[in-house]
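First the structure, in the form of structure tokens, and then the observations on it.
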Amino acid sequence: PSVPRHTNRLINEKSPYLLQHAHNPVDWYPWGQEAFDKAKTENKLIFLSVGYSTCHWCHVMEEESFKSKKIGEILNEHFVCIKVDREERPDVDKVYMTFVQATSGGGGWPMSVWLTPDLKPFAGGTYFPPEDGVHRVGFRTVLLRIAEQWKENKDALLESSQRILEALRHTSEVRVQGQESPPPAKEVMDTCFQQLSRSYDEDYGGFSKSPKFPTPVNLNFLFTFWALHQTTPEGARALQMALHTLKMMAHGGIHDHIGQGFHRYSTDQHWHVPHFEKMLYDQGQLAAMYSKAFQISGDEFFADVVRDILLYVSRDLSDQAGGFYSAEDADSYPTTTSREKREGAFCVWTAKELRALLPDPVEGATEGTTLGDVFMHHYGVEEAGNVDPMKDPHQELKGKNVLIARCPPELTAARFGLEPGQLSALLQKCQQRLSSARAQRPRPHLDTKMLAAWNGLMISGFAQAGATLAEQGYVRRAAQAAAFLRTHLFDPDSGRLLRSCYRGKHNSVEQSAVPIQGFLEDYVFVIQALFDLYEASLEQGWLEWALHLQHMQDKLFWDPKGFAYFSTEASDPFLLLRLKDDQDGAEPTPNSVAVTNLLRAACYSGHMDWVEKAGKILAAFSERLQKIPITLPEMVRATAVFHHTLKQVVICGDPQGEDTKEMLHCVRSVFSPNKVLMVADGDSAGFLYRQLPFLASLERKDGKSTAYICSNFTCSLPITSVQELHGMLSP
């Protein structure tokens, strides 16, 4: 690389996204006091640009505008320019995205917002092309017009920004209305199921035509709906919708058939041509969903997909200290000599390349068949490329193939006169060879930032997979990551979580000069992970830490007047709004998961005020849950768990004893959305016995491991037979 001509103060930051912009001719500031003081002192507007390091259109806007000397001069002359990594600062992103969505009817990244010196927004949008086009005003024009407005109509702009802020405060408020109680579970569940059922794609699965997103929250809801309606046609349909969606995704191009893991979303209805970035939060949630699919169906296909995801994360998104990295980019250089990055370059193939790599004749197949013939037929490879030009507006994938499993294995085998077992071995051989070939290509950018919230989701993925597939290696990996969080993203002095840390020089783990404090989502996803990890490992230390973090979450984020949790603390003077997210998206909204966390925390601690708090969250969101539950499927699921009361499944026995292990295997093999598991090992000085005195009254029967199913700390008769326990666990 040539020596950069410009260097701005982002060079001192840790975020990979901010560092990508450290050599722009724009005089960028990070979000903070220095930038705010400059805007006030010089009475300048602020231009706020928000994105993330694996965002395709963020790269495009940087290339076109932020690397332009001319545009840089306009920005530097008229504005104080601030860059924000939305993954580091979801709080800042959410406040200004709320404004952009309210005023423009859409949102996305890069987000471009203009603020008064006191941080109030008055104009905004997303991506702007550099110059005026037929349908869009160019970025340069927008900058000059806004600078002119500030010069000529400053008072009007200030007044308008104040009005906008007040309107946003009013419309974004989520609070309990009067004496509202949690909404009835049956009506909310039924409405959510009907809304999802109407939007379901019968042919290809998923819940829209295109683009198509994995939406684990929908699948999680459908599994719970099935569990509570197993004998009804609606229950059967819910399960079919979830399993078919997961199968079609795994066959599709959204699934990386050579490098494992899942891409962000599909640009088409068929799950074929993806947007190629890979995000940690998708891998964590999808590992959990495919584990549940295996638990319910017993189909090894789903277990294989779990192993595939966790192999990818272990190999490509894991820091040697134990944490998980955030993402891999969609764009990369096609060859080592290329000057320009292209979307998907790392993942796509020409037919010619595949023929050259897979020329071997196939023994036992119809005469003249090569490995390439079998592989290309199975994965829908075409000589001229298999990407619809309509899905490739920039012609980056012309002549290329995105692999998609077009045929059931038995049909591919029959076509070439092979046995199904033989086909599986051949495809595996092809995949290994293509993986080696792909390793010679320049890799996409890796975002090595490590976030508490996303690490929490991934720990849950490993822990649930470890419990369901009886793979202790996955449980150990989850524990290693949890220990990483405790070392690097937890401050034992204050008892609080931190948001992020970073891979530094020589693979060290680094922290920002001023660490970013954890947000609500960090607490919620880490607490959920620690409960999942306790159930998989039975190590009581994880439970103890989870309950400590739950108390801290209550202290920092609870709204005692309107109920539910704010996304941010009250102490940040530079945040104009304290918001409560009211929509499950790529990740569930934190309040949705908090309901289930609180119910689990109450079961493990005996603190019944946590059950009351869970009810208050549902009361605060009651109107939305009753009118448009499809926007909050994870909270709808939590409503059902709240009304059905969690079963405490207590196994009295030696955790290492074979009879205890049999019972644990039984509990873990049954999908039951309203249970918590604990082992009473007879250690009356242990954490669980101190929290739950009733455990001391439960005994082993006839010296054998004995299970009890308890509700609100009242227990069933002792159960010593695995068959009886299995029957009792079914929802």
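Here's how it looks for residue 676: its modeled amide H is under 5 Å from those of 647, 648, 649, which are all 5 or more places away or on a different chain. Taking only alpha carbon atoms, segment 88-194 gives an Rg to Rh ratio of 1.13, where Rh is the Kirkwood radius. Net charge dipole, segment 666-731: roughly 120 debye, given to the nearest 20, about the Cα centre with Cβ charges of +1 for Lys and Arg and -1 for Asp and Glu. Scanning residues 5 or more positions from residue 498 or on other chains, those with amide H under 5 Å from its amide H are 490, 491, 518, with H placed 1.01 Å from N in the peptide plane. Unpaired cysteine residues in the chain (no second Cys Cβ under 4.7 Å): 81, 192, 347, 407, 430, 501, 603, 652, 666.
The GluC sites (Glu not before Pro) of segment 164-252 meeting both criteria, a DSSP state outside H, G, I, E and B (loop) and at most 11 other C-beta atoms within 10 angstrom of the site's C-beta, are 202.
The alpha carbons of segment 456-598 stretch over 46, 38, 29 Å along the principal axes, in descending order. Comparing Cα centroids, segment 381-453 and segment 510-533 end up 35 angstrom apart.
Dipole magnitude for the chain: computed about the Cα centre from +1 point charges on Lys and Arg Cβ and -1 point charges on Asp and Glu Cβ, it is near 760 debye. Expressed to the nearest 5 percent, the antiparallel share of DSSP beta bridges inside segment 648-729 is 65 percent. For the chain, the residue among 254, 195, 172 whose Cα projects farthest onto the positive side of the dipole built from Cβ charges is 172.
Taking all protein chains into account, the per residue accessible area for the chain stands at 41 Å² (1.4 Å probe). For residue 186, the aspartates and glutamates whose Cα comes closer than 18 Å to its Cα, not counting residues fewer than 8 places off in the same chain, are 234, 623, 634. Between residue 199 and residue 175, the simple spin-label model (points 7 angstrom out along Cα→Cβ) gives 2.9 nm. Distance from the alpha carbon centroid of segment 84-128 to that of segment 677-730 works out to 52 angstrom. Dimensions of segment 648-729 from C-alpha coordinates, computed as largest minus smallest value along each principal axis and given longest first, are 31, 26, 19 Å.
With a ≥ b ≥ c taken as the square roots of the eigenvalues of the C-alpha gyration tensor of segment 246-369, please select rounded if a/c is under 1.5 and otherwise prolate if a/b is larger than b/c or oblate if it is not? Because a/c hits 1.5 or more and a/b fails to exceed b/c, segment 246-369 counts as oblate. Measuring max minus min along each principal axis, the C-alpha atoms of segment 529-684 give extents of 57, 33, 28 Å (largest first).
In Å³ and rounded to a whole number, note down the convex hull volume per residue for the Cα atoms of segment 382-473.
Hull volume normalised by residue count: 215 Å³.
Got a number for carbon plus sulfur as a percent of the chain's accessible area, 1.4 Å probe?
Carbon and sulfur atoms account for 50 percent of the accessible area of the chain.
Applying the criteria of a DSSP loop state and at most 12 other Cβ atoms within 10 Å to the trypsin sites (Lys or Arg not before Pro) of segment 484-562 yields 561.
A crude spin-label estimate for the pair residue 685 and residue 662, with each label 7 Å from Cα along the Cβ direction, gives 3.3 nm.
Distant-in-sequence amide contacts of residue 450, defined by a placed amide H-H separation under 5 Å and a gap of 5 or more residues or a different chain, comprise 501, 502, 503. The largest accessible area among 27, 584 belongs to the first residue in 27, 584, and the rest follow in falling order (1.4 Å probe, all chains). Annotation for residue 432 and residue 701: the two label points, set 7 Å from Cα along the Cα-Cβ direction, are 5.1 nm apart. Cα-based values for segment 600-693, radius of gyration first and Dmax second, are 16.6, 50 Å. Of the listed values [x] 43; [y] 75; [z] 36, grab the one calculated as percent of Cα pairs over 40 Å apart from the structure here. It is the value labelled [z].
Residues 270, 644, ordered by accessible area of protein heavy atoms at a 1.4 angstrom probe radius and largest first, appear as 644, 270.
Count Lys and Arg as plus one, Asp and Glu as minus one, and take only other residues whose Cβ is under 11 Å from that of residue 695; the net charge is then -2. Length available on full extension from residue 583 to residue 713: 0.36 nm per residue minus the Cα-Cα distance, which gives 43.4 nm.
Sorting 715, 666 by accessible area puts them as 715, 666; the probe is 1.4 Å, largest comes first, and only protein heavy atoms count. Between 593, 325, 431, the Cα set farthest toward the positive side of the dipole of the chain (charges on each charged residue's Cβ, about the Cα centre) is that of 325.
The length gained on full extension between residue 425 and residue 160, counted as 0.36 nm times the residue separation minus their Cα-Cα distance, comes to 88.8 nm. For segment 9-172, the square roots of the Cα gyration tensor eigenvalues, ordered a ≥ b ≥ c, give a/c below 1.5, which places it in the rounded category. From the alpha carbon centroid of segment 165-218 to that of segment 287-320 is 27 Å.
Net charge within 10 Å of residue 464 by Cβ-Cβ distance, Lys/Arg positive one each and Asp/Glu negative one each, not counting residue 464 itself? Charge balance near residue 464 sits at 0.
Computed extension length for residue 507-residue 539: 8.6 nm, one decimal, from 0.36 nm per residue of separation with the Cα-Cα distance subtracted.
Of all DSSP beta bridges located in the chain, what percent are antiparallel, nearest 5? Percentage antiparallel, nearest 5: 70.
Counting only DSSP H runs of at least 4 residues, each contributing -39500 (n - 2.57), and dividing by the residue count of the chain, the helix-based mean residue ellipticity at 222 nm comes to -14500 deg cm²/dmol.
The values are calculated or read from the model by the stated rules, or taken from the named source; none is laboratory data. All of these numbers come straight from a predicted model, not from anything done at the bench. Cβ atoms come from the backbone with ideal geometry, glycine included; neighbour counts cover every protein chain shown. The accessibility values were calculated without ligands, DNA or RNA, using every heavy atom of the protein model including side chains. Shrake-Rupley method; radii C 1.70, N 1.55, O 1.52, S 1.80 Å.
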